[in-house]
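The values are calculated or read from the model by the stated rules, or taken from the named source; none is laboratory data. Everything numeric here is computed off the predicted structure, so don't read it as measured data. Cβ atoms come from the backbone with ideal geometry, glycine included; neighbour counts cover every protein chain shown.
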């Protein structure tokens, strides 16, 4: 019988027996032969039961044996043996913890035995059993899909017939279908040329719009400057000055006074000459 099962059975029996017959005993005691005897602590076993003259005699577990709880056993349990890896070694109070190497699977709930993982890429593992395990492999993806190893996901296989192409390789669990290379190459080249042509047209239109916008903006910027230069040129022509009424009247008064002054000067000169 498996050691784990034996231990569980003994623990259950002890628990029932302790509950039924040790109700009048103290903590960590049990009734034996009508007497309340002390239980041995973890890491020890009962070497001699208590009597009227002495208490329970306990003794440490030997090498390769352990006891994990207070007990009234006359021996310790044997440490578990691992088939492959030891995660934690056995001590007087704890059992061994086992592991299986990479590529292997635990055959039971404590990994004391291991078996090889026979599933390959594109398959998933299914386990059955609660204490003793058994395994079988199932496809990771449906029949019309394949497992992409790089992305670690299932992807639908390419249906070559939908594109009017012949199928060279139908695909499998880990690879996509392969369609006729020549037709695929020609169709791919055609699509590339179409995309490049559309891209060239769009790029040309964009450049034309930008150049037109820059020219229009430049013309609007220089038009006010040319208008200002024209006004300045017209203003510098003295013959084209237009004076206000006040400025014109003031100029006429000055001219009239100049004429009067010249006439007086001439009369004075004539009088001097007559003398």
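Remarks
- Tally of residues being touching a strand residue (DSSP E or B) at 6+ places or on another chain (Cβ under 6 Å) and part of a loop (DSSP other than H, G, I, E, B) across the range 111-130: 5
- The set of residues in the range 80-89 that are in contact with a strand residue (DSSP E or B) (Cβ under 6 Å, 6 or more places away or on another chain) and buried (at least 17 other Cβ atoms within 10 Å of the Cβ) contains only 82.
- Of all residues in the range 99-113, none satisfies the criterion of being closer than 10 Å to residue 81 by Cα and either in the same structural domain as residue 63 (by TED's automatic domain parsing) or in contact (Cβ under 8 Å) with a residue 40 or more places away in the chain (or both).
- Residue list for the range 69-93, filter: under 28 Å from residue 114 (Cα atoms) and assigned to a loop (DSSP other than H, G, I, E, B): 76, 79, 80, 81, 82, 83, 84, 89, 90, 91, 92, 93
- Residue 22 meets each of the listed conditions (1) buried (at least 17 other Cβ atoms within 10 Å of the Cβ); (2) modelled with pLDDT of 90 or more apart from (2).
- Residue list for the range 56-66, filter: in a loop (DSSP other than H, G, I, E, B) and surrounded by 13 or more Cβ atoms within 10 Å (Cβ to Cβ): 56, 61
- Residue match in the range 199-208 (condition: in a loop (DSSP other than H, G, I, E, B) and at pLDDT below 90): no
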